[in-house]
Amino acid sequence: MLNIVLFGPPGAGKGTQSEKIIAKYDLKHLSTGDLFRKHLGEGTDLGKKAQGFMDNGKLVPDEIVIGMVEETIADHMDANGFIFDGFPRTVAQAEALDTMLEKHGIGISGMISLEVPEQELINRILERGKTSGRADDQNRGKISTRIEEYENKTAPVAGFYRKQNKLNNIHGVGSIDSIFNDISAAIDNF
Ligand code: AMP
């Protein structure tokens, strides 16, 4: 299986590039943000547990996220591979992901890390907020909290994959297609 971690701060273009990667490599998209928004929309218990954290731009606690991912992986083991988008976001999540993939006899093929300067992230998220309907995209305070959460808790995840020689840094500013070409070149080397 081709299993990719698509990594980067909020607004780096993970969702946009995921769509192109899925179309080219035929992978199962596993976006924890999308899964949480679905639970929220359906009013499930899991959605209720996640809501307060999401509304404030904070990370949802690891045990909630990990349980949800574990279930989704088990349900889609017939896929050609997974693209993990917005997960793992803490080192504990990365460790848990390795353990759950090992149970299925598979592993992460590589990480793609999209690098985008902070001011560009804020501009992109505010722009997306005009149409995404996401409350967490429309408020500067919440956007700042999300970027702080990324820097404090999520950025160290890159080091976790660097130690495994799986980290690929990609410059995430430019046209969508040129960034995708760089991503494809990296994936073709996995
Ligand atoms: P996203 O759509 O990836 O920007 O995620 C939206 C929100 O969902 C985040 O701000 C978090 O509150 C929550 N979330 C999504 N993925 C995770 C994760 N892997 N760990 C913790 N919280 C998450």
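The values are calculated or read from the model by the stated rules, or taken from the named source; none is laboratory data. This is a predicted model, so every value here is computed, not measured. With ideal geometry, Cβ positions are generated from the backbone for all residues, glycine too; neighbour counts draw on all protein chains shown. Just the protein is used for accessible areas: all its heavy atoms, side chains included, with ligands, DNA and RNA removed. Shrake-Rupley method; radii C 1.70, N 1.55, O 1.52, S 1.80 Å.
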(message) When the residues of the stretch 113-135 are narrowed to those that are of a type in the set (Val, Ile, Thr) and under 19 Å from the mean Cα position of the chain (by Cα), which ends up surrounded by the most Cβ atoms within 10 Å (Cβ to Cβ)?
(response) Ile125
(message) I'm told Asn80 meets every condition in (1) more than 14 Å from the chain's Cα centre (by Cα); (2) open to solvent by 10 Å² or more (accessible area, probe 1.4 Å); (3) over 17 Å from Leu6 (Cβ atoms); (4) in contact (Cβ under 8 Å) with a residue 12 or more places away in the chain except one. Can you identify the failing condition by its number?
(response) (3)
(message) Just to check your reading of the model, which residue among Gly105, Gly110 is out of contact with any Cys (no Cβ under 6 Å at 6 or more places or on another chain), open to solvent by less than 40 Å² (accessible area, probe 1.4 Å), over 22 Å from Pro61 (Cβ atoms) and at pLDDT 95 or above?
(response) Gly110
(request) Identify all residues within the stretch 40-57 that are buried (at least 16 other Cβ atoms within 10 Å of the Cβ) and in contact (Cβ under 8 Å) with a residue 12 or more places away in the chain; write none if there are none. (result) Leu40, Leu46, Ala50, Met54, Gly57
(message) Looking for something touching a Leu at 6+ places or on another chain (Cβ under 7 Å) and β-branched (Val, Ile, Thr) - is there at least one such residue anywhere in the stretch 117-136?
(response) no
(request) Go through the stretch 178-190 and give me each residue that's out of contact with any strand residue (DSSP E or B) (no Cβ under 8 Å at 6 or more places or on another chain) and open to solvent by less than 90 Å² (accessible area, probe 1.4 Å). (result) Ser178, Phe180, Ser184, Ala185
